[in-house]
Amino acid sequence: MQVLLDNQVKAISKLQQYKVGALFMEAGTGKTRPAVELANSVNPDYVLYLAPYQSINTDKHEESVVYQVNLWGGFSCNHDFIGIESLSSSDRIYLELLAKLNHAQRAVIICDESLKIKNWQAKRTQRVIELSKLSTYKLILNGTPLSRNLLDLWAQMEFLSPKILNMAMVEYKNTFCEYLTITKRLGYKSLTKEFIVGYHNVDYLYKLIEPYVFEADLQIDTKKHYFDLDYSLTEAEKKEHERLKEKYLDNDRMEIRNNNIFLEITQKLQHNYSCSPEKFSIIRQILSKNDKSKVLICAKYIDTQEELRKRFPDVRVLSWQKNAFALNLQQYNVLIKFDKHWDYALHEQIEHRIYRQGQHDDCKIYDLTGNIGLEDMMNKNVVKKGMLLQYFKQKSVTELKKIL
C-alpha cells in the first residue's frame, strides 16, 4: 500500500487523540485515507459513511468514494455508504440507520463533504445530528467548510459534539455575527429579513474548534491555467432578458418572496441564454485544441446538459450541483464552466475534481462570460467569495434593473 503523505500523517497524529475530528483539508489533498485509518484505529463494530449521493453512485466505479475507501483497505467491520440526501427523502433509511447505531457498541460516523449539513434548519441536517448522538466517534471531511458565512460552521461542529461550541444556534449567531434586521409592513402582515454584515470574536471561535480541526492546503507540482472567453447574446436573447427583468423585478415580488428571491430571479434570467449559439462555437474551438477524452463541461441546467451531450457525445458533461463534490476525476485535466454559478464553494469544489493529488498534467480551466450585467455580477461575487450577493439583495428594484 502507498506510503502516507506528510499531511495525512499529521492529520492522523493530531486527531487520533480525540473521539471526534474535522479534516478540513483542501479538496484533492487526500482526506479519505486518514479518515479510513482513524476509523479503523478505534476497532469499530459499525461504520456509517455519509457522502453526497452522486459520489457513491457514480457512472464509473473507480471515481466513487466507495472505491477510494476500499483502495486504502476499507473498513474492518460492517459498514454502510449512504447518500446524505437520502436522509431527508427516505424515512425508511433513516429509521434503519437509527436501529443499526442503537445496536452498535463502537460505531463511527463519517460525514464526507460536511458542507451538505450547513443549513441547521434543514431536515437532512437535523437527522444527521440525531444520528450523531448515537455514536461516540465522529469525523467530518470537507475542503471548503464555509460557503457563505460563519453560520455554515455551527451544524458541522454540533454534529461532532455540542460540547465543542457549547452554545445553541441563536447564541452562536449573536456571539460571532454582526447582522442587520429589516422589518417591512405588508398590510396586516410583516416581513423580517436578516443580513450578516460582519463578524466578531473570530479568534475565540478558532480557539474553541482548533483542537478538533486539521487543516491542509493542496500542494502539487502541476499548475492551473485560467482562460476567460467572452460571448455575445443574440438580439432575441437580449430582448427576452429585458422582458424577464420587467416581469420578475417588481416591488410586490421583492417584498413577498423569501431571501432567495434574488437567486430565483437570476436563475430565470440566466436560463434564457444558457444555450446561446456562440457558446457552442466556443466549445468547438476549445475541443479542437484539446484531447476530448480529457475534457469536462460543467453546466447548470438539465436541458443545457442534454443539449451539450447531444452536440458533443464524446465529451463528459457534469452538473454543478450533483458532481461538484467528492468525485475523483484526475484522469481529466480540462474543465469548461459552460454556465456561471454564484456559489464560491462550488467553484472551488468543481475545480478540485481534476486538480488534486494524483494529477500529473497541468489543468486548464475555461470560463465563459456573456456580454450582460448579470454575468459580470456573478464573476465579482465569486471573487469576493459570496459577499457581493448579500449586498445586491439589499438593492432596490430600480437599481437591480440597471445592474442586471
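The values are calculated or read from the model by the stated rules, or taken from the named source; none is laboratory data. Computed from a predicted structure; not experimentally measured. Because the Cβ atoms are built from the backbone with ideal geometry, glycine has one as well, and the counts that use them run over all protein chains shown.
The rows are residues; the columns are (1) part of a helix (DSSP H, G or I); (2) surrounded by fewer than 18 Cβ atoms within 10 Å (Cβ to Cβ).
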{"residue": "LEU335", "(1), (2)": "no, no"}
{"residue": "TRP342", "(1), (2)": "no, no"}
{"residue": "LEU346", "(1), (2)": "yes, no"}
{"residue": "ARG353", "(1), (2)": "no, no"}
{"residue": "ASP361", "(1), (2)": "no, yes"}
{"residue": "ILE365", "(1), (2)": "no, no"}
{"residue": "THR369", "(1), (2)": "no, yes"}
{"residue": "MET377", "(1), (2)": "yes, no"}
{"residue": "LYS380", "(1), (2)": "yes, yes"}
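When region 6-24 is limited to residues that are more than 16 Å from LYS138 (Cα to Cα) and under 25 Å from the mean Cα position of the chain (by Cα), the one that is modelled with the lowest pLDDT turns out to be ASN7. Of the residues examined, ASP291 is not one that is farther than 21 Å from PHE227 by Cα, in the same structural domain as HIS341 (by TED's automatic domain parsing), surrounded by fewer than 13 Cβ atoms within 10 Å (Cβ to Cβ) and not basic (Lys, Arg).
The criterion of at least 1 residues that are modelled with pLDDT under 95 and buried (at least 16 other Cβ atoms within 10 Å of the Cβ) is met by the following helices (runs of 4 or more DSSP H) wholly inside region 37-103: 53-56, 65-71, 86-89. When the residues of region 105-132 are filtered to those that are surrounded by 23 or more Cβ atoms within 10 Å (Cβ to Cβ) and not in a helix (DSSP H, G or I), the one that is modelled with the lowest pLDDT is GLU113.
Pairs only if they're at least six apart or on different chains, beta carbon under 6 angstrom, first in region 75-89 and in the same structural domain as ILE110 (by TED's automatic domain parsing) and in contact (Cβ under 8 Å) with a residue 40 or more places away in the chain, second among the hydroxyl-bearing types (Ser, Thr, Tyr) and outside any strand (DSSP E or B); list them, first residue then second. Between residues of region 75-89 that are in the same structural domain as ILE110 (by TED's automatic domain parsing) and in contact (Cβ under 8 Å) with a residue 40 or more places away in the chain and residues that are among the hydroxyl-bearing types (Ser, Thr, Tyr) and outside any strand (DSSP E or B), the close pairs are LEU87/TYR94.
For the condition touching a Leu at 6+ places or on another chain (Cβ under 8 Å) and in contact (Cβ under 8 Å) with a residue 40 or more places away in the chain, what is the one hit in PHE338, PHE312?
Numbers: PHE312 fails: in contact (Cβ under 8 Å) with a residue 40 or more places away in the chain.
Going through PHE338, PHE312 in turn, the sole match is PHE338.
Quickly run through region 308-325 and pick out the residues that are surrounded by fewer than 17 Cβ atoms within 10 Å (Cβ to Cβ) and either assigned to a helix (DSSP H, G or I) or among the basic types (Lys, Arg) (or both). Working first, answer last.
At the first step, the residues of region 308-325 found to be surrounded by fewer than 17 Cβ atoms within 10 Å (Cβ to Cβ) are 309-311, 313-314, 319, 321-322.
ARG309, LYS310, ARG311, GLN321, LYS322, listed by residue number.
Of all residues in region 140-155, at least one satisfies being of a type in the set (D, E, K, R), modelled with pLDDT under 95 and closer than 20 Å to LYS207 by Cα.
Here is a yes/no grid of residues against (1) at pLDDT below 85; (2) β-branched (Val, Ile, Thr); (3) within 20 Å of PHE227 (Cβ to Cβ):
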{"site": "VAL315", "(1), (2), (3)": "no, yes, yes"}
{"site": "ASN328", "(1), (2), (3)": "yes, no, no"}
{"site": "LEU368", "(1), (2), (3)": "no, no, yes"}
{"site": "LYS401", "(1), (2), (3)": "yes, no, no"}
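For region 13-36, the set of residues classified as in a helix (DSSP H, G or I), surrounded by fewer than 20 Cβ atoms within 10 Å (Cβ to Cβ) and in contact (Cβ under 8 Å) with a residue 24 or more places away in the chain consists of LYS14 only.
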